[in-house]
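Every read-out reported here was derived from the displayed coordinates using simple, explicitly stated rules and does not represent laboratory data. Model, not experiment: these values are computed from the prediction. Heads up, the Cβs are rebuilt from the backbone with ideal geometry, glycines too, and the neighbour counts pull from every protein chain shown.
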Amino acid sequence: MKTVRTRFAPSPTGSLHIGSARSALFSWLLAKHHGGKFILRIEDTDQKRYVENAVEEFIEMLAWLGIHHDEGPDIGGEFGPYYQSQRLELYQKWAKWLVENDKAYYAYDTPEELEQINQERRAKKLPPGYDGRHRDLTDEQRAAYEAEGRTPVIRFKMRREGTTQVHDLVQGDVEFRNNTLQDIVLLKSDGFPTYHLAHVIDDHFMEITHVTRSNEWLPSLPIHINLWNAFGWEIPAYAHLPVLLNPNGKGKLSKRHVGTKNESGEQILVLVKEYKEAGYLPEALVNFLTNIGWNFGDEREIFTVQEAIQRFDLSGVNPANSAYPIEKLDWINGIYIREHTSIERLAELLREPLQKAGLKVDDEVLLKVTPLVQTRITKLNDVVELAGFFFHETFIPPAKEDIIQKKMDAASTIKLLEATLPRLEALETWTTDAMLQDMDALATELALKRGQVFGALRVAVTGQKISTPTFETMEILGKDESLKRIRLAIDILKG
Ligand code: GLU
């Protein structure tokens, strides 16, 4: 049996899109399921669209997601180079081979002449394209064009009769009529290949067994099949993956949505780096993406990537474009934070959003705060709002109206807080349990609700209405600091 080899072949034209990451993920799962290899190839033949640092970012984001390639531009491999721009001679050699074997030809048309052809086609209500007028030039005609100083492109002699049939592992049997196909350009006049030529040659020489790519390429598939046949090479399996639909349900989730908002006014996240910055865990994101268009079975939505590898199968991929259930991501992320992340790792992960918010993180405090946060956040960034106050250099006191509890006024809240002081002072052990019991008893004595007592203390010691739980927080802050803050709250109430 041949080793399964799949690839992710992005063009470095910008940041890694979440849909591309999902294609990469499926391609990787397929390879790993079969104990095979996953290759990263950079399709950088369109120099005009090249974006600086795009490759570095792809590699960084794939690594963050845990989608590790076995061969690629950064780590090499026996089928390199993995940048198409470094493989130009190979494309030129095989384009020439096609010409020599009467499967392709030199075409000398100028841009103006091509425009002229298009105009004529438009007049006849034909789609734009090339009419093949240089297919059968004589040697003399070619020499004459060369003498004029024209540099030719190489065009494919497309088979126009009959149909092309392919079995796609996701889309099923597909059939195309060849009379709609064109003599496409394979090699441009500057010696650079087009996608059509380059990827077929690379997939052949890199011994790719399964070409997994977005179904946006499905209309080009007959061109590629004809090209494979012209070379006489064994055609790999094709699997055209569904694309993600924009959460508003209108069309594909595309780069155009970067920076836009959905109907509820939330930012639509499109790039992998945006998900990272928003505080999602890579494992949760991978679990979420694996669920879109593929089903683990047993109605399970939460599973490890190892479990997904064991089960992954292209026949389970839904061919239809996938709705994007973004609302599920927070739910999954919360589960990963609560149930699949150790305190040490979570503390490590929480450091970044805290620091980004300009806070100075004390490791010891962070480690104590983490278990309190773990059960209460859905995204890592939520830590800033919930527990950022632990890391403020100086305490930010609460507003008067925030300290006053429901159905109470300033005077009764002052009385309540004043009653807490001697009791808290008298506590021998400064633990959550001791405080909880004592303050519970106080609430009964004062005929107040627990929530009123706990709530006033919470705002007093944290400065905010939403925070980590009151007594756990007071335990971490320590007795002196907690009492000081309660006294300050009383002063604030007294105005
Ligand atoms: N470079 C192509 C793209 O980014 C890759 C398509 C393929 O996987 O063959 O769309």
Inset, instruction - Could you list which residues have their amide H under 5 Å from that of Thr341, counting only those 5 or more apart in sequence or on another chain, with H placed in the peptide plane? - result: none
Inset, instruction - Report, in deg cm²/dmol and to the nearest 500, the calculated mean residue ellipticity at 222 nm for the chain, where each DSSP H run with n ≥ 4 adds -39500 (n - 2.57) and the sum is divided by the residue count. - result: -14000 deg cm²/dmol
Inset, instruction - List the residues whose amide H sits under 5 Å from the amide H of Leu253, counting only those 5 or more places along or on another chain, with H placed 1.01 Å from N in the peptide plane. - result: Leu244, Leu245, Asn246
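So if I place +1 on the C-beta of Lys and Arg and -1 on the C-beta of Asp and Glu, and nothing else carries charge, what would the dipole magnitude of the chain be about its Cα centre? I want it in debye, nearest 20.
1140 debye
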Legend entry - Net dipole in debye of region 123-184 [+1 Lys, Arg Cβ; -1 Asp, Glu Cβ; about Cα centre; nearest 20]: 240 debye
Inset, instruction - Using a cut-off of under 16 Å, list every residue of region 40-55 whose amide N is near the label point 7 Å from the Cα of Gln92 along the Cα-to-beta-carbon line. - result: 45
Legend entry - Label-point gap, in nm, between Glu100 and Ala323 - each point 7 angstrom along Cα→Cβ: 5.6 nm
Inset, instruction - Determine Rg/Rh for region 1-99; Rg is computed over alpha-carbon atoms and Rh is the Kirkwood hydrodynamic estimate from the same atoms. - result: 1.00
Inset, instruction - Express the relative contact order of region 1-143 as a whole percentage, based on alpha carbon pairs under 8 Å and six or more residues apart in sequence. - result: 19 percent
Inset, instruction - Work the Kirkwood hydrodynamic radius out for region 215-276: mean of 1/r over every pair of different alpha-carbon atoms, inverted, in Å. - result: 14.5 Å
Legend entry - Value of D in µm² per second that Stokes-Einstein yields for region 155-226, Kirkwood Rh from Cα pairs, at 4 °C (1.567 mPa s): 98 µm²/s
Inset, instruction - Quote the Stokes-Einstein diffusion coefficient, in whole µm² s⁻¹, for the chain, based on the Kirkwood radius over alpha carbon pairs, a temperature of 37 °C and a viscosity of 0.692 mPa s. - result: 120 µm²/s
Legend entry - Estimated inter-spin distance, Gln119 and Asp298, nm [label 7 Å along Cα→Cβ]: 6.8 nm
Inset, instruction - State log₁₀ I(q)/I(0) for region 273-430 at q = 0.09, 0.11, 0.17, 0.19 Å⁻¹ as given by the Debye formula over alpha-carbon point scatterers of equal weight, solvent excluded. - result: -0.48, -0.64, -1.05, -1.16
Inset, instruction - Pull up all non-local amide H partners of Lys157: gap of 5 or more, or a different chain, and H-to-H distance under 5 Å with H placed in the peptide plane. - result: Ala104, Tyr105
Inset, instruction - Run the numbers on region 407-485 and let me know its relative contact order in percent, using alpha-carbon pairs under 8 Å that are six or more apart. - result: 33 percent
Inset, instruction - Read phi for every residue in region 12-17 and hand back ³J(HN,Hα) as whole Hz from Karplus 6.51 cos²θ - 1.76 cosθ + 1.60, θ = phi - 60°, with x for Gly and Pro. - result: x, 10, x, 6, 5, 7
Legend entry - Nearest-0.05 FRET efficiency for Val258 and Glu364, computed from C-beta distance (R0 41 Å): 0.55
Legend entry - Rg followed by Dmax, in Å, when region 117-195 is reduced to its Cα trace: 16.2, 50
Inset, instruction - Mind pulling up the Rg/Rh value for region 147-285? Radius of gyration and Kirkwood radius, both on Cα. - result: 1.09
Inset, instruction - Among DSSP beta bridges lying fully in the chain, give the percent that are antiparallel, nearest 5. - result: 55 percent
Legend entry - Solvent-free Debye scattering, log10 I(q)/I(0), computed from the Cα coordinates of region 358-465 at q = 0.23 Å⁻¹: -1.29
Inset, instruction - Kindly provide log₁₀ I(q)/I(0) values, in the same order as q = 0.18, 0.19 Å⁻¹, from the Debye equation applied to equal alpha-carbon scatterers of region 417-469. - result: -0.57, -0.63
Inset, instruction - Evaluate the relative contact order of the chain (contact order divided by residue number), counting alpha-carbon pairs under 8 angstrom at least 6 apart; express in whole percent. - result: 12 percent
